[in-house]
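Novice: The structure's right below; bear with me while I get my questions together.
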Amino acid sequence: MTGLFLFQNDLRLDDNPALQRTARQVDHLYCVYFIDAALFTHAELQLRRIGCHRWRFLLETLFALDTELRRVGQVLHVFYGQPRRLLPQLLAATGATTLGLSAHPGPYENATIEATRAYFPDLGLIEEFGSTLFEPEQLPFELAEMPDEFTRFKTAVEGRKARNQSTLGKLPSAGRAAVLESLMPLCVVKIDDGSLLLRRRISDGSPPDIPQLSKPAIPAGLEEPVAELTDRLKGGVGAAKTQLDYYTVQSRLISRYKATRNGLDGWNFSSKLSPWLAAGCLSPVQVAEAISRFELAHGNNDSTDWLYFELLWREYYQWLLYKYGRRLFLKKGIQQKRKLTTFYPQAFKSWCEGSTEWPIVNAAMRQLKFTGWMSNRARQLVASCLVNELQVDWRYGAAWFEQWLVDYDVANNWGNWQYLAGVGTDPHGQRRFNLHEQAERYDPEGRFIMRWQTQEQQE
């Protein structure tokens, strides 16, 4: 029996229950990943769905996954094009009767799977929840009855045991690559540590060339703060495990997380695990177990509890997207509230470029542009600025984050933006921060603002 495993936001072998189950049920396996050509085109809000930082991180992650698969006799087949066309073509070409994949909350991703099942009604589908702490059966409520307020969600699930971490046994032999030769030609994408082979077909309507998203030139004066972040934000399971070990074992910084979590700059004030969680290099269960190991060795405190609390926030948004689907992307939000915002091109441009009248917002937006990273506190401040001070439709901010964040996660990003814009699940309504007071509180000496000024701006 031949199977096909579709990697999505689960780019790892460890704790990948869908891969584990698929491997047990087939004799030959094709491991595949689709780079969606639509990521590089301008979407509804005239912004790309991926930018240079996440593109680099993704390529590094795919290269690392392919390397890991080759060590166990497998290979990662990466395809560039339109998933709705690619998946049926691959199933037909390989003769696969089983499709394995991890559950994904995204409506766009699920539409591809549903369309494929319509073409192949006898296809055996293996779908497991590997990107959440809990499986649906472990939740103390039906999905339709999930509490919309985070506090009620947290109260309902905290203390419950997360799903068991899965252990991958021997993978089946790789499917014959020759089957794919006539389907799509190979091309090469160069990355820092090597080359990644991709297959693409020009005739399927996708752009013929795989885009090369160049990093913006770093202005004089920003080289040091940029390097401090980007030098360590490398894709792949190896880098993910290194950071998890660094934060919880080597440095024990986890023990001070609650006191430092509102930092704006540097590496050590937060766990920095979100890029690897978003790509699926780490599972939330692996992070939760690392927290538990630390607590067994050193005892728990408010900080270890708070880091798990952050995992529950992530969990909450995943299930919220499962519950509401496309409503998480609507201007009126899941509450269907009308807000007096619109699209002001000049205001949005000043926000994107970091040239507003609020220095702390400008510093954060420059940090995002040149590194792909922004702290949680800064994300709240720049969102408040866009929605409340500039009165721009929140969806443009969410789309800008989608393009530029290295740790973009569809559920977390759009859920958080709705929350802050007052059209989501915040019981207090719209969140408006006094930006001058926030700067005095979280950057009292102005170090963050000064550090993210270019040399020209400092003069």
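Novice: Looking at T116, T155, T132, which one is over 25 Å from the mean Cα position of the chain (by Cα) and of a type in the set (V, I, T)?
Specialist: After ruling out the rest, the residue left standing is T155.
Novice: Okay, next question. Residues that are under 27 Å from the mean Cα position of the chain (by Cα): list the helices (runs of 4 or more DSSP H) wholly contained in segment 361-459 that include at least 1 such residues.
Specialist: The helices (runs of 4 or more DSSP H) meeting that bar are 376-384, 394-404, 410-421, 435-442, 447-451.
Novice: To continue, here is another question. Quick one: which of K369, K339 is over 17 Å from F401 (Cα atoms), in contact with a helix residue (DSSP H, G or I) (Cβ under 7 Å, 6 or more places away or on another chain) and in the same structural domain as G397 (by TED's automatic domain parsing)?
Specialist: When all the criteria are applied, what remains is K339.
Novice: In addition: Quick check on my filter: what residues within segment 230-248 are surrounded by 19 or more Cβ atoms within 10 Å (Cβ to Cβ), more than 21 Å from M374 (Cβ to Cβ) and touching a residue at least 60 places away in the same chain (Cβ under 8 Å)?
Specialist: Passing the criteria: G236, V237.
Novice: A follow-up question, please. Please find, among P275, P284, the residue that is within 30 Å of G446 (Cβ to Cβ) and touching a helix residue (DSSP H, G or I) at 6+ places or on another chain (Cβ under 8 Å).
Specialist: P275
Here's the yes/no breakdown for (1) modelled with pLDDT of 95 or more; (2) in contact with a Leu (Cβ under 8 Å, 6 or more places away or on another chain):
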position	(1), (2)
F269	yes, no
D305	yes, no
L320	yes, yes
G333	no, no
K349	yes, no
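Novice: Looking at (1) hydroxyl-bearing (S, T, Y); (2) surrounded by fewer than 16 Cβ atoms within 10 Å (Cβ to Cβ); (3) touching a residue at least 60 places away in the same chain (Cβ under 8 Å), which is the only condition S355 fails?
Specialist: Condition not satisfied by S355: (3).
Novice: Being touching a residue at least 24 places away in the same chain (Cβ under 8 Å), over 30 Å from F141 (Cα atoms), aromatic (F, W, Y) and surrounded by fewer than 20 Cβ atoms within 10 Å (Cβ to Cβ), is that true of even one residue in segment 311-324?
Specialist: No - not one qualifying residue is present in segment 311-324.
Novice: Can A64 be described as assigned by TED's automatic domain parsing to the domain that holds G106, at pLDDT below 90 and hydrophobic (A, V, I, L, M, F, W, C)?
Specialist: no
Novice: Working only within segment 362-418, note down all residues that are under 23 Å from N268 (Cβ atoms) and basic (K, R).
Specialist: Scanning segment 362-418 gives R366, K369, R377, R379.
Novice: So, in segment 325-348, of the ones that are under 25 Å from the mean Cα position of the chain (by Cα) and in a helix (DSSP H, G or I), which residue ends up surrounded by the most Cβ atoms within 10 Å (Cβ to Cβ)?
Specialist: L328
Novice: Let me ask another. Picking from L390, L386, which residue would you name as being surrounded by fewer than 24 Cβ atoms within 10 Å (Cβ to Cβ) and among the aliphatic types (A, V, I, L, M)?
Specialist: Just one listed residue meets the conditions, L390.
Novice: Can you report the number of residues in segment 102-145 which are assigned to a helix (DSSP H, G or I), in the same structural domain as A92 (by TED's automatic domain parsing), of a type outside the set (V, I, T) and in contact with a helix residue (DSSP H, G or I) (Cβ under 7 Å, 6 or more places away or on another chain)?
Specialist: 3
To keep it simple, each residue is scored yes or no on (1) crowded, with 17+ Cβ neighbours inside 10 Å; (2) on the phi > 0 side of the Ramachandran plot; (3) charged (D, E, K, R).
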residue: Q82; (1), (2), (3): yes, no, no
residue: L86; (1), (2), (3): yes, no, no
residue: A92; (1), (2), (3): no, no, no
residue: G95; (1), (2), (3): no, yes, no
residue: L101; (1), (2), (3): yes, no, no
residue: T116; (1), (2), (3): yes, no, no
residue: E128; (1), (2), (3): yes, no, yes
residue: F141; (1), (2), (3): no, no, no
residue: A177; (1), (2), (3): no, no, no
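The values are calculated or read from the model by the stated rules, or taken from the named source; none is laboratory data. Values in this document were obtained by computation on a predicted structure and should not be read as measured data. Because the Cβ atoms are built from the backbone with ideal geometry, glycine has one as well, and the counts that use them run over all protein chains shown.
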